[in-house]
Amino acid sequence: MIAGELYRAGDPALVQERAASQALQQRYNATTVSDVEDRTAILDQWIGSRGTGCALRSPFYADYGYNIHLGRDVFFNYGCVLLDVCPIHIGDMTQVGPYVQILTADHPRDAKTRDTGLEFGRPITIGRNVWIGGGALILPGVSIGEDAVIGAGAVVTRSVAAGATVAGNPARPLVSPASSA
């Protein structure tokens with residue numbers, strides 16, 4: 001699964017791992033920002049790695065948690081969903097708006113393979129100092145370069161260059177008024 005190979009989501013070991021993640025998720029989502037010690041202890045068990053100063057507003061949702069790797073001072077606003085069947089790496093000082101979805105889970109395009117119930121995933125990498133607007137969707141296999149801006153509601157289907165600003169569905173680079181003259 002983590003390597004991007006086809007796997008069966010109903011495998012008993014994976015079901016057990018998701019159940020453990022959901023138990024931690026439920027505990028975390030029952031806390032408030034003032035429950036610093038409890039939140040820290042839960043994140044230490046749940047998230048693969050994180051730098052100092054990370055803030056994850058609850059509710060926060062993840063399939064496994066252990067495939068999520070956060071840099072220093074990463075901020076997630078309320079209601080974010082991370083389907084981490086493959087690694088998700090997020091660089092220092094990245095800010096993620098409310099209800100953003102970061103989805104590594106994918107499904108075969110071929111109907112016969114999909115009919116077998118097999119699925120796969122592709123990792124996502126988000127660079128340093130990225131700003132992701134509320135409700136954006138980051139799809140499997142995407143990389144986002146440092147200092148990029150993802151507009152609210154964008155559906156990011158392709159990798160985004162460092163320093164670029166993208167928006168829309170599918171997300172496309174915005175042309176600044178100065179460069180369109």
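Helical runs (DSSP H, four residues minimum) scored at -39500 (n - 2.57) apiece and divided by the length of the chain put the mean residue ellipticity at 222 nm at -5500 deg cm²/dmol. Compare the Cα positions of TYR61, LEU118, VAL36 along the charge dipole of region 7-165 (+1 at Cβ of Lys, Arg; -1 at Cβ of Asp, Glu; about the Cα centre) and return the one farthest towards the positive end. Positive-end residue among those listed: LEU118. Simple rule: put +1 on each Lys or Arg Cβ and -1 on each Asp or Glu Cβ in region 7-165, find the dipole, and look at GLY48, PRO140, SER21; the Cα lying farthest toward the positive end is PRO140. The mean sequence separation of alpha-carbon pairs under 8 Å and at least six residues apart, normalised by the residue count of the chain, gives a relative contact order of 15 percent. Amide H to amide H, with H built 1.01 Å from N, LEU82 comes under 5 Å of TYR61, ALA62, ASP63, ILE102, counting only residues 5 or more places away or on other chains.
Scanning residues 5 or more positions from LEU56 or on other chains, those with amide H under 5 Å from its amide H are PHE76, with H placed 1.01 Å from N in the peptide plane. Remark: region 1-88 projects, on average over all directions, an area of 5.5 nm² (convex hull of Cα atoms). Using all pairs of distinct alpha-carbon atoms, the Kirkwood hydrodynamic radius of the chain works out to 16.9 angstrom.
Quick note: the coordinates plus some simple rules give every number you see, no bench work behind them. Quick caveat, the model's predicted, so the values are computed rather than measured. Reconstructed Cβ throughout: ideal geometry from the backbone, glycine too, with neighbour counts over all protein chains shown.
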